[in-house]
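Remarks on the structure that follows.
The values are calculated or read from the model by the stated rules, or taken from the named source; none is laboratory data. Since the structure is predicted, the reported quantities are computational estimates derived from the model, not experimental observations. Because the Cβ atoms are built from the backbone with ideal geometry, glycine has one as well, and the counts that use them run over all protein chains shown. Only protein heavy atoms, including side chains, enter the accessible area calculation; ligands, DNA and RNA are left aside. Shrake-Rupley method; radii C 1.70, N 1.55, O 1.52, S 1.80 Å.
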Amino acid sequence: MTVRRAATASAMCGAFLLAGCSSNFGSNSSAQQDTKGKQSLTVMIGSSGDAETNAVKAAASAWAKQTGNTVTVVPAQNLDQQLGQALAGGKPPDIFYVGSSVFANYAKGNSLYAYGDQLSYKNDFSASLRNSFSYGNKFVCAPKDSSTLALAINTTMWKKAGLTEADYPKTWNDLEKVARKLTTKNVSGLVVDSSYNELGGFLKQSGGWITNTDQTKVTADSAANVNALTYVKKLLTEGALKFPKQVDAGWGGEALGTQKAAMTIEGNWLTGAMSTDYPSVGYKVVPLPKGPAGQGTLSFSTCWGIANKSAHHAADVSLVKAFTTAQQQLAFADAFGVLPSRDSALTTYKQKHPQDKVFADGTAYAQGPVTIPGFTKALTQFDSDLAGLATADPKKILSDLQTNGEQILKGGS
Amino acid sequence: MVIILGLFLVLPIGMALWVSLLHWDGQSNPFSGAADFVGLHNYADLSTSAGQDRQLFMTSVRNNLYYVLLVVPLQTALSLGLAIAVNSRRIKGKGFFRTVFYFPSVTSSIAISTVFLFLFQGSGAVNALLKWVGITGPKWFTDAHGLVWSLLGLLGVVDPDKPVAALAAHGFLGLSWWDWLSGPSIAMCTIIVLAVWTTSGTYMLIFLAALQDVPVELEEAALLDGANRWQSFRNVTLPALRPVLFLVITLGLIGTWQVFDAVYVMSQGAPANTTLTPAYLSYTAGFQDADYGRAAAIAFILLAIILAMTIVQRVLLRDRDEPTTRTRFLRRRTS
């Protein structure tokens, strides 16, 4: 008797909860739009620090004052995880940062409102950036800013080694030569993160890349890529190149700042870290050296995603427009050292920040990240393999990436 | 009671089980039919069909297996040793030692992991200490070599960098025998040391409580009968501790198969996936790859492993118990 009563109770409780759940999870389509005069929006950001949080808050409250709406800016501790939970729960923030690694997953899951084509100034974003945030021939979301890779050199060590400005490396051979020259007992000539995000520049300079241009084929095991990794491996075995962990640093910038590295390859986020953490270390940023196939660098970006389930699409787009005016982009650039994503703003930026011109110039020929849904796990494995490059076979690493990547493309997962 | 159990236990488990049968990207309602039902596909990807998913999962199982095989005996022995030391009637300042030994257990594991990161840096305190006695320490967190091959390498039997062809060519469930037999990596060893150090305090308390329940008269009687300290410990104290031993080993098994926080803070699976554990893999499958179905499937396989291990352990501890009582009983009848 008691057993049966218990069973009924739990069944009822289950039914009740399921009903509760399904109303929470909601449907997949766009939400019913709110047409009230005053609306309240939530913006979730994955902030690089207080400078970024405060700049976004200031821009949001200026817009709120102007339009009479209210905006709450939430800096996330772990954006991917918090967004994952919010999307699964059916109540995502109205506007949020979407990194290129998760962009394809969100776009495929129909979580993003594709508003890019509504922007009158959409052609002011470079083609590479628009490509990075397009899905199914639709320009989904506006790039927030951009970053590219360049070579940073410790000027004091450079002089000490008897090198001049004329010696700034132009080719792979130059790079190898100076890296060996700069390597001493306590200093590594070149320290670069073992991630494809930093080493990927070599693939590009060699004429290869992980996928073809429209990301319909994996081209990881191409001869050009093998060539690039063989070159990197050579630098590693000569001791001219080291990974940050080998010199007890967290990333290339830390190695440069703590003077364990004479050179590093990093993006323009380096500028902010150097000026706040290591203001006394003098360094110079130069373009990445050319490989057999010429110049190559990588670009990174985040976009302003608008949730499909947001009930305030009109207000959301208006706020994103306010965030992406050329003037506001320059204000963000000043506040936390990112490159504007709009070409018109970039021209002004180069004049205002001549020391970051190298990064800005890189956007013209930079390779955007891979944005195939589910591809992150292949890239995570690639990063893990790259960390062991010194004792591994470049061909094997690339053919593993090829196999894993093809499996993802084929499975559509 | 039923409502609470249903709400917090049965329902979430049922939901997770359902999710493990779906291909769900976490952006729709998994109970509305929007996510594809794929049956046992997620489980097959992890076990029978070759590919990256299976390779990663089997690597994580291998890592965790060696972790369990080292941590559980070490922490049980260490905590029992500490408990006996603190329980000794001759020692002074028992309260002080009890607190000191228990200290690592009350400290946040995130904080301890961070401290260990600094201790085991290439130029950290541990390597400085090793250098002092003339040993060049390894680069702890970047050394992916297996302990077994490294030790055999020191003896000159194998070269850790060059897998033996016979072992590397053949494999089982997507991993070569060379990989299966490699033992924990040097990086994993630091996490093992951390786990033993932080958990032994808690288990010491459990052992201590049990030791204080062992009647002093029994031990004294054994000593009077001419047993030495070891014999009295082996034949009087240890049998009295058997239920508690079972408890500690069970808790240890469950805790070690679920290791996550130390991996999350210290290594995120690096180097070369040798510190990847199923719990951490489940996390990345869900929140990085947005493949919640696979994440849930990993969690259920982990549950099955824990249950199987606990049952095996129970049978082992019970089997040793029963024959001895039976023989004693027989002996008593015949005499």
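The dipole here belongs to the stretch A:108-243: it is taken about the Cα centre, uses +1 on the Cβ of Lys and Arg and -1 on the Cβ of Asp and Glu, and is about 280 debye. Basic side chains Lys and Arg get +1 at the Cβ, acidic Asp and Glu get -1 at the Cβ, and with that the dipole of the stretch A:227-289 about its Cα centre reaches some 220 debye. Comparing A:Ala104, A:Ala127, A:Ala60 in a Gaussian network model of chain A (Cα springs below 10 Å), the most mobile by mean-square fluctuation is A:Ala127. Beyond 20 Å in Cα-Cα separation lie the following of the pairs A:Lys160/A:Lys181; A:Lys204/A:Lys260; A:Lys159/A:Lys181; A:Lys185/A:Lys395; A:Lys204/A:Lys290: A:Lys204/A:Lys260; A:Lys185/A:Lys395.
Cβ-Cβ distance of B:Phe233 and B:Met1, R₀ of 45 Å, FRET efficiency by 1/(1 + (r/R0)^6): the value works out to about 0.55. Taking a ≥ b ≥ c as the square roots of the eigenvalues of the Cα gyration tensor of the stretch A:168-273, is the shape rounded (a/c under 1.5), prolate (a/b larger than b/c) or oblate? It comes out prolate by the Cα gyration axes.
Are there DSSP H segments in chain A that both extend 18 Å or more along their axis (alpha-carbon positions) and score a mean Kyte-Doolittle hydropathy of at least -0.5? List them, or say none. Span-like helices here: A:2-25, A:50-67, A:223-238.
Computed over the alpha-carbon atoms, the stretch B:21-94 gives an Rg to Rh ratio of 1.39, Rh here being the Kirkwood radius from the mean inverse distance.
For the options B:Ser150, B:Ser49, B:Ser28, a Gaussian network treatment of chain B with springs between C-alpha atoms closer than 10 Å singles out B:Ser28 as fluctuating the most. Relative to the dominant Cα principal axis of chain B, helix B:94-106 is inclined by about 10°. Projecting the Cα atoms of B:Val244, A:Gln77, A:Phe375 onto the dipole axis of the protein assembly as shown, where Lys and Arg carry +1 and Asp and Glu carry -1 at the beta carbon, places B:Val244 farthest toward the positive end.
Counting only the Cα atoms, chain A fills a convex hull of 177 Å³ per residue.
Once the Cα atoms are used to define both axes, helix B:292-334 deviates from the longest principal axis of chain B by about 30 degrees.
For A:Ser126, the residues whose modelled amide H falls within less than 5 Å of its own, excluding neighbours fewer than 5 places apart on the same chain, are A:Asp343. Cα convex hull, the stretch A:315-413: 162 Å³ per residue, rounded to a whole number. What the phi angles of the stretch A:124-132 give under the Karplus curve with 6.51, -1.76 and 1.60, with θ = phi - 60°, is a coupling list of 6, 7, 5, 4, 5, 5, 5, 4, 4 Hz, glycine and proline written as x.
A 1.4 Å probe run over the stretch B:39-80, with the rest of the protein chains in place, finds 37 Å² accessible per residue. For A:Asn308, nonlocal amide neighbours, meaning residues 5 or more places apart or on other chains whose placed amide H falls under 5 Å from its own, are A:Leu112, A:Tyr113. Between B:Gly201, B:His145, B:Ser176, whose Cα lies farthest towards the positive end of the dipole of the stretch B:91-204 when Lys and Arg beta carbons carry +1 and Asp and Glu beta carbons carry -1, centred on the Cα centre? So the residue we want is B:Gly201. The H on the amide N of A:Asp145, modeled in the peptide plane, is under 5 Å from the matching H of A:Thr302, each at least 5 residues off or on a different chain. The phi-based Karplus calculation (6.51 cos²θ - 1.76 cosθ + 1.60; θ = phi - 60°) puts the 3J(HN,Hα) values of the stretch B:281-286 at 4, 4, 4, 5, 4, x Hz, whole numbers, x for Gly and Pro. Rounded to the nearest whole angstrom, the semi-axes of the ellipsoid equivalent to the stretch B:1-159, taken from the Cα gyration tensor as √(5λ), stand at 42, 29, 16, largest first.
Adding -39500 (n - 2.57) for every DSSP H run of four residues or longer, then dividing by how many residues chain B holds, sets the calculated 222 nm ellipticity at -21000 deg cm²/dmol. Here's the list of aspartates and glutamates a cross-link from A:Lys245 could span, going by alpha-carbon distance under 17 Å and ignoring same-chain residues fewer than 8 apart: A:Asp193, A:Glu198, A:Glu254, A:Glu266, A:Asp383, A:Asp385, B:Asp143.
Using the crude model of +1 on Lys and Arg Cβ and -1 on Asp and Glu Cβ, and no other charge, please compute the dipole size for the protein assembly as shown relative to its Cα centre, in debye to 20. Roughly 1320 debye, rounded to the nearest 20.
In units of the compact-protein estimate 2.2 N^0.38 Å, the protein assembly as shown shows a Cα radius of gyration of 1.09. Straight Cα distances below 29 angstrom link A:Lys309 to the lysines A:Lys36, A:Lys38, A:Lys57, A:Lys65, A:Lys91, A:Lys108, A:Lys122, A:Lys138, A:Lys144, A:Lys321, A:Lys377, with same-chain residues fewer than 8 positions distant left out. The long axis of helix B:52-87 is offset from the longest Cα principal axis of chain B by roughly 20 degrees.
Considering only A:Ser100, A:Ser344, A:Ser120, the mean-square fluctuation computed in a Gaussian network model of chain A, springs between alpha carbons under 10 angstrom, is largest for A:Ser120.
Comparing Cα centroids, the stretch A:99-130 and the stretch A:185-215 end up 25 angstrom apart.
The separation of the stretch A:336-411 from the stretch B:140-188, counted between C-alpha centres, amounts to 32 Å.
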